[in-house]
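Colleague: Please read through the structure below; I'll follow up with questions.
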Amino acid sequence: MKILLASQSPRRKELLSSLGFDFEVVKIDCEEILPDHIKIENAASYLSELKADAFINLEKDEVLITADTVVAIDDQILGKPTDEEDAKQMLSQLSGKIHQVFTGITIRTISKTFTETDVADVEFEHISDDEIDFYTKNYKPFDKAGSYGIQEWLGMAKIKKINGSFYTIMGLPTHLVYKILNKI
């Protein structure tokens, strides 16, 4: 079967490749809008299914993988920041607290769809304003939910503890992807 990864994320490409799978990257145009009253724990899987549903050209010998990651704190979803100020505000909100990272995946063949969500808890130490400024200027976290990448400086320097999969936080729960692809 030919694997199609519907993601422009360099992190997801790296992770799927590291799992040993050959794949082709495809682009999906999909407006990622959550329903008003969706439960936070369902948001990432909802968005991954929305992306999968937007791909209409799946062939018999193909497997499509879509994913979405949301960061949540205090019953609020933090998406990708709109600009530097938004990123700084999100990082200030996460500073010194525990938050959740949900990554939903949808893996679809022409006849079956598998959707799962994995969650990890992340605890940041206090992040000073100077550290936030340094991170946003040097790492440009504008394509990342919650305004940070665990694999970058902020993750290395300020994450105190994680409970769950590092790869879920990075944007692809590799253990779930591997399990489902081996079922197919």
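Colleague: What are the residues in segment 43-91 that are within 17 Å of residue 117 (Cα to Cα) and of a type in the set (Ser, Thr, Tyr), if any?
Modeller: 45, 46, 48, 66, 69
Colleague: Only one of (1) within 22 Å of residue 184 (Cβ to Cβ); (2) in a strand (DSSP E or B); (3) touching a residue at least 60 places away in the same chain (Cβ under 8 Å) is not met by residue 24, so which one is it?
Modeller: Against the list (1) within 22 Å of residue 184 (Cβ to Cβ); (2) in a strand (DSSP E or B); (3) touching a residue at least 60 places away in the same chain (Cβ under 8 Å), residue 24 comes up short only on (3).
Colleague: Which residues, counting only those in segment 72-122, are of a type in the set (Gly, Ala, Ser), in a strand (DSSP E or B) and either open to solvent by 30 Å² or more (accessible area, probe 1.4 Å) or farther than 17 Å from residue 48 by Cα (or both)?
Modeller: Scanning segment 72-122 gives a single hit, 120.
Colleague: Just the residues that are open to solvent by 50 Å² or more (accessible area, probe 1.4 Å) and either farther than 30 Å from residue 54 by Cα or among the hydroxyl-bearing types (Ser, Thr, Tyr) (or both), please, taken from segment 134-145.
Modeller: Residues satisfying the conditions are 134, 137, 138, 139.
Colleague: Scan 58, 16 and give me the residue that is part of a loop (DSSP other than H, G, I, E, B), open to solvent by less than 40 Å² (accessible area, probe 1.4 Å) and not basic (Lys, Arg).
Modeller: 58
Colleague: Give me a count of the residues in segment 1-15 that are out of contact with any Leu (no Cβ under 6 Å at 6 or more places or on another chain) and over 13 Å from residue 58 (Cα atoms).
Modeller: 7
The values are calculated or read from the model by the stated rules, or taken from the named source; none is laboratory data. Everything numeric here is computed off the predicted structure, so don't read it as measured data. Counting neighbours? That spans all protein chains shown, and the Cβs are built from the backbone with ideal geometry, glycine included. Note: accessible area is taken over every heavy atom of the protein model, side chains too, but ligands, DNA and RNA are not part of it. Shrake-Rupley method; radii C 1.70, N 1.55, O 1.52, S 1.80 Å.
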